[in-house]
Structures are given as structure tokens and as C-alpha cells.
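> One structure is given below, represented as C-alpha cells, and several questions about it will come after.
The values are calculated or read from the model by the stated rules, or taken from the named source; none is laboratory data. Note that the structure is a prediction, hence the values are computed from the model and not measured. Cβ placement follows ideal geometry from the backbone for every residue including glycine, while neighbour counts extend to all protein chains displayed.
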Amino acid sequence: MATRDRLNRAALLVAAGQGRRAGGETPKQFRTVAGKAVLAHAFDALTMCEGIDAIFVVIGPGQEHEARNLLATRPVAAFIEGASSRRGSVHAGLEHIARCGGAREILIHDAARPFLPPAVVRRLTDALNGAKGAIPVLPVTDTLVTDDTGMAGAIVPRSSLRHVQTPQAFHFDAILSAHRTWNNALEATDDAQMLRACGHDVVLVRGDERLFKLTYPEDFEKAQALFGNGRRTCVGMGYDVHRLTADAELWLGGVRVDSEFGLAGHSDADVALHAVVDAILGALSDGDIGSHFPPSDPQWKGASSDRFLIHACDRVASRGGAVEHIDLTIICEAPKIGPYREAMRQRIAEIAGLSVERVSVKATTTERLGFAGRREGIAAQAVATLSLPALF
């Protein structure tokens, strides 16, 4: 990979192991769970996390061909050959990223923990505002004892113990320095351990039970049972308002509406589609329309809002989900929505890839109360119902 500008946030996905404890001849990162390779699950989970500019994948010797096939349609920044130990593999990945220009922050994640909820990454990156490193942990709830040659020994106090998970988040320069200065005579199984040895604090954030590690055959059985066939229903709500102006076209629900007034906004200001987009993103827990299409970005000036809805629906599809129903309410005194209602239903259904029977468009007034009643603007609210795999 050619040298380029420094990344803001990169991810290093470590998939270089052989996974012999998992059983079978196939390394565990290449085995299939819930219809998809473990490596693909892990990569896709990272792509769904906000703010990651590039994902680098560390693989073992002779594994690149299979890894490329499994991730053929995905935007892998580079495949990096790892080492005989996890520490060596991570170090190789960090050095590769450094040669490509480096990054401000780095997430180091094990492919063997493929079911990563985006909320964990948000907690980690927020914690980096006040520390050089952050790791996700879970409390220890079981009673712990020492093993005295097969007999129960002393009880180990558990109140201050935590299970450590990945991804682990770091300031890139700090963790790279920790790897470069580590005593090679010592083995480290955890990157945070290396950062702490350099005198830096590591913040603990709440992990997630779904981030369990695939190590033994029973772990694969558990993953298949949890995620193989399960679906869940998610509902999101969106709301948007735009001001009426005399010098703009009026677009509502993807349809051009005859009116002496239009809506002011950075894009085409289609308040109805914006509410639908926010409802879908809300059901995904995936931010809002402003975080995906910031008004400060000139490329979205005057943009057609159907692009925003296509993007939101693509986000659903990328998670193996489907939009099941959209319910939209437009709030205004004028113009009359009735003559355009069916055209809006048809257009929203077309953009979202739905049958028109799954799209509802309604309109109401505010009885001349408030900004809508004074004809200063138009508001819209929407509810989107999604079906998603249980693992997200």
C-alpha cells in the first residue's frame, strides 16, 4: 500500500492464528457461523462502526488467498502477514500502518470475537479523549477458586476482577512505541498490558456479552445457536422540520409538489424523506442524517434526498436486515398532501425497494397553531420497522 496522509482512526483486525483448540483442520477465522465466515463477520462489524477510516487485516503465512476470497467485495486497506505470536502479528500490522502514514487512533480487534456491537466502539473512542488507551471489560460474576492439584483451593476475591475483551483502542503513536520498546523475552497477550508498562493509563469501558471469544468447539455451537436463525424487530422514529421560502422548489416524499413556496435547506430539503431516513438510522442505532451527510459538507448542497434514503437502506442490507414498513406523517397547513399521497407512497417504496403496501403516507395540520399553522414551515415524522439478525 502506498504512503498516504495520516488516518484519523484505523482498525487492525488480527486473524493470523491457527485456532487449533477450536477443532477441525480449518483455522477458526475461516470457519462459518450463521452463514458467514468468522473473518467476514468481524470485518463487517467494524465497517458498521462510525469513524473508522480504514481496516487492515493481519493474516498468517499462506492465508492471504483464502482471506482475499472471503473478503473479496469488502474495502480491505491491506492484508499484512503476521508472526508466530499475537504480539508479533499486531506489531507487524502497526508497523505497516506507520509506513502508510500512520493514524491518530487505532482499534486492535481479534477476528475470534466477531460479533461486535457498534456501541462498544463508541464507548472506547469516547474514552480516548482523556487517555492513551481504553479496553472493554465485563465484571466477573462466577466464584473463583485456585486449582490445588484437582481439588478446590483458596477463594479468589472477584470484586476487582474483570474479563478483558477486544477491540482495544489506543492513540496510535503510544501503542506503536509500546510495541517497539517491549522486552522480546517476555510474552504479552494483551496490548493494553504493553501500554501500561510504558506508564500510560488505560480506561475501562463496558464491554458486551456478545463479544465472547470463539476458542473451543462449544463456542461455535453457542454462536450458531444464538445467531444462526434468530431475527429481531427494531423500530425507529424520525422527525424533521424545514422553513418555507419563496425561492425554492417543494419536494416532499421524493415528489415535486406544485407550490408557490419551497423548503429551505442544504440539500433539496425534502423534510419527509429526511424523517424517514432518521427513522431507519434510529432503528439501526446508527446516528442520524446529519452524522452521515453533514450540512457543512459542500458535496451535499442541493443533493436529492433519495440518495440519503438509498444510503440508509443500504446500511440495513449490509447488516443482513430488511425494512419491513414505513409510516410517514407530513404536518402542514398547505399545500394539500392528498393529491400527492399515492405518488409519494410509490416513490418511497421504489427508493427503499419495498412493495407500496409497506409504505404509509398521512398528513395532518396543527389547527393553525405553531410554526406549521402560521405556514412558516413544514414538519414530518416517520416510524420505520426493520427486521435484523439477532447478532446486531
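> Looking at Val205, is it within 30 Å of His41 (Cα to Cα), surrounded by 11 or more Cβ atoms within 10 Å (Cβ to Cβ) and among the hydrophobic types (A, V, I, L, M, F, W, C)?
It is true that Val205 is within 30 Å of His41 (Cα to Cα), surrounded by 11 or more Cβ atoms within 10 Å (Cβ to Cβ) and among the hydrophobic types (A, V, I, L, M, F, W, C).
> Can I ask one more? Considering the stretch 348-372 alone, what residues qualify as being closer than 17 Å to Ile310 by Cβ and of a type outside the set (Gly, Ala, Ser)?
Within the stretch 348-372, Ile348, Glu350, Ile351, Leu354, Arg358, Val359 meet the criteria.
> Can you go through Ala246, Ala223 and tell me which one is of a type in the set (A, V, I, L, M) and surrounded by 14 or more Cβ atoms within 10 Å (Cβ to Cβ)? Before you say what the answer is, go through the steps one by one.
On the way: Ala246 fails: surrounded by 14 or more Cβ atoms within 10 Å (Cβ to Cβ).
Of Ala246, Ala223, the one residue that is of a type in the set (A, V, I, L, M) and surrounded by 14 or more Cβ atoms within 10 Å (Cβ to Cβ) is Ala223.
> Can I ask one more? Quick test for you: out of Phe220, Phe212, Phe227, pick the one residue that is farther than 30 Å from Ala83 by Cα, in contact (Cβ under 8 Å) with a residue 12 or more places away in the chain and in contact with a Lys or Arg (Cβ under 9 Å, 6 or more places away or on another chain).
Details: Phe220 fails: farther than 30 Å from Ala83 by Cα; Phe212 fails: farther than 30 Å from Ala83 by Cα.
The unique qualifying residue is Phe227.
> Of the residues Arg162, Arg86, Arg123, Arg99, which single one is within 16 Å of Gly17 (Cα to Cα) and of a type in the set (Lys, Arg)?
One residue alone meets the criteria, Arg86.
> Please go through the stretch 311-355 and pick out each residue that is under 18 Å from Thr385 (Cα atoms), assigned to a helix (DSSP H, G or I) and of a type in the set (A, V, I, L, M, F, W, C).
The answer is Ala312, Cys313, Val316, Ala317, Ile348, Ala349, Ile351, Ala352.
> How many of the residues in the stretch 314-350 are under 23 Å from the mean Cα position of the chain (by Cα) and either basic (Lys, Arg) or buried (at least 21 other Cβ atoms within 10 Å of the Cβ) (or both)?
6
> Does any residue of the stretch 64-80 turn out to be under 19 Å from the mean Cα position of the chain (by Cα), among the polar types (S, T, N, Q) and within 21 Å of Ala134 (Cα to Cα)?
At the first step, the residues of the stretch 64-80 found to be under 19 Å from the mean Cα position of the chain (by Cα) are 71, 73-77.
With among the polar types (S, T, N, Q) added as a condition, the list becomes 73.
Checking the rest, the ones that are also within 21 Å of Ala134 (Cα to Cα) come to none.
No, the stretch 64-80 contains no residue that is under 19 Å from the mean Cα position of the chain (by Cα), among the polar types (S, T, N, Q) and within 21 Å of Ala134 (Cα to Cα).
> Being under 20 Å from the mean Cα position of the chain (by Cα) and not β-branched (Val, Ile, Thr) is the filter here, so list the residues in the stretch 179-225 that pass it.
Looking only at the stretch 179-225, we keep the residues that are under 20 Å from the mean Cα position of the chain (by Cα), and these are 205-213, 223.
Residues satisfying the conditions are Arg206, Gly207, Asp208, Glu209, Arg210, Leu211, Phe212, Lys213, Ala223.
> Kindly indicate the residue of the stretch 264-289 that is aliphatic (A, V, I, L, M) and outside any helix (DSSP H, G or I) and also surrounded by the most Cβ atoms within 10 Å (Cβ to Cβ) among those meeting that condition. Working first, answer last.
So in the stretch 264-289, the residues aliphatic (A, V, I, L, M) come out as 264, 269, 271-273, 275-277, 279-281, 283-284, 289.
Of the ones still in play, those that are also outside any helix (DSSP H, G or I) are 264, 269.
On the way: Ala264: 14, Ala269: 24.
The qualifying residue surrounded by the most Cβ atoms within 10 Å (Cβ to Cβ) is Ala269.
> Look at the stretch 235-252 and say how many of its residues are under 18 Å from Gly373 (Cβ atoms), without any contact (Cβ under 8 Å) to a residue 24 or more places away in the chain and of a type in the set (Asp, Glu).
Within the stretch 235-252, residues that are under 18 Å from Gly373 (Cβ atoms), without any contact (Cβ under 8 Å) to a residue 24 or more places away in the chain and of a type in the set (Asp, Glu) number 0.
> Okay, next question. Does the stretch 138-148 contain at least one residue that is within 22 Å of the chain's Cα centre (by Cα) and part of a strand (DSSP E or B)?
yes
> In addition: Of the numbered conditions (1) modelled with pLDDT of 95 or more; (2) closer than 26 Å to Phe261 by Cβ, Ile337 satisfies every one except a single condition; which is it?
If we test Ile337 against (1) modelled with pLDDT of 95 or more; (2) closer than 26 Å to Phe261 by Cβ, just (1) comes out false.
> Also, quick follow-up: Just need a number here: residues in the stretch 365-392 that are more than 16 Å from His242 (Cα to Cα) and either within 32 Å of the chain's Cα centre (by Cα) or among the polar types (S, T, N, Q) (or both).
10
> Then there is this: From the set of residues in the stretch 39-91 that are of a type in the set (Lys, Arg) and either touching a residue at least 24 places away in the same chain (Cβ under 8 Å) or touching a Leu at 6+ places or on another chain (Cβ under 8 Å) (or both), which is nearest to Phe293 (Cα to Cα)?
Checked the stretch 39-91; the qualifying residue nearest to Phe293 (Cα to Cα) is Arg74.
> Specify which of the listed residues (Thr385, Thr366) is assigned by TED's automatic domain parsing to the domain that holds Ala246, part of a strand (DSSP E or B) and among the polar types (S, T, N, Q).
Only one candidate passes the filter, namely Thr385.
> Quick one: Ile348 ticks every box in (1) at pLDDT 90 or above; (2) of a type outside the set (Asp, Glu); (3) over 22 Å from Ala264 (Cα atoms) bar one, so which box is it?
With respect to (1) at pLDDT 90 or above; (2) of a type outside the set (Asp, Glu); (3) over 22 Å from Ala264 (Cα atoms), Ile348 is out only on (3).
> Only one of (1) over 22 Å from the mean Cα position of the chain (by Cα); (2) closer than 22 Å to Gly236 by Cα fails for Phe308. Which number is that?
(1)
> In addition: Report whether or not Val164 is within 23 Å of the chain's Cα centre (by Cα), assigned by TED's automatic domain parsing to the domain that holds Asp126 and surrounded by fewer than 20 Cβ atoms within 10 Å (Cβ to Cβ).
yes
> State which residue pairs qualify: first residue among the small types (Gly, Ala, Ser) and inside the stretch 285-312, second residue surrounded by fewer than 16 Cβ atoms within 10 Å (Cβ to Cβ) and at pLDDT 80 or above in any location, beta carbons under 9 Å apart, and separation of 6 or more residues or different chains.
Close Cβ pairs (under 9 Å, with a partner that is surrounded by fewer than 16 Cβ atoms within 10 Å (Cβ to Cβ) and at pLDDT 80 or above) amount to Ser285/Ala119; Gly287/Glu50; Ser291/Glu50.
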